[in-house]
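See structure below.
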Amino acid sequence: MSTNPSDSSLTTSSFTTRLRNFLIAIVAIVLSVLVFWGFRTNATSISLTELATESTPLEVALSNGKPTLMEFYANWCTTCQAMAEDMADLRDSYGDRINFVMLNVDNTKWLPEILKYRVDGIPHFVFLNDQAEVMGRRSEKFPDLT
């Protein structure tokens, strides 16, 4: 029984190729998991839709005698999304003393308020006193105070 040297090199080459392909597959899987996990950890834990659902209705906020922080937002606004967790924290800390109202600018229902409060960009914040009078407004993200 004779052994052909070309069979041996072919088997070694095949093994090397299979090992290389296996290692590439493992690295691709690990990188995919890391990228997925990275995106999940950077995502906010609360969505704008959840904040809006849990916010004080505008009619209640204008008549209950408490100061109000009104945010005009859009679900596609990346700055609004980035601020969602901070807004939730504020609501959790001060929700018993201040109304938090979320108005989606893509909903035409809020067009009268958009015009009344001169919303010229989002996020747009309007601060109302306990008599529902405008005390201030701001369009853009608040600076990081930490």
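Every read-out reported here was derived from the displayed coordinates using simple, explicitly stated rules and does not represent laboratory data. Everything numeric here is computed off the predicted structure, so don't read it as measured data. Counting neighbours? That spans all protein chains shown, and the Cβs are built from the backbone with ideal geometry, glycine included.
Tabulated results
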{"item": "Label-point gap, in nm, between Glu59 and Ile46 - each point 7 angstrom along Cα→Cβ", "result": "2.4 nm"}
{"item": "3J(HN,Hα) from dihedral phi, region 86-98, Karplus parametrisation 6.51/-1.76/1.60, rounded to Hz, x for glycine, proline", "result": "5, 5, 5, 5, 4, 4, 5, 7, 10, x, 7, 10, 10"}
{"item": "For Tyr73, distant residues with modelled amide H under 5 Å away", "result": "Leu103, Asn104, Val105"}
{"item": "Net charge over other residues, Cβ less than 13 angstrom from the Cβ of Asn64 (K, R count +1; D, E count -1)", "result": "-1"}
{"item": "Efficiency of FRET between Ala28 and Thr78 - r from beta-carbon atoms, R0 25 angstrom, step 0.05", "result": "0.30"}
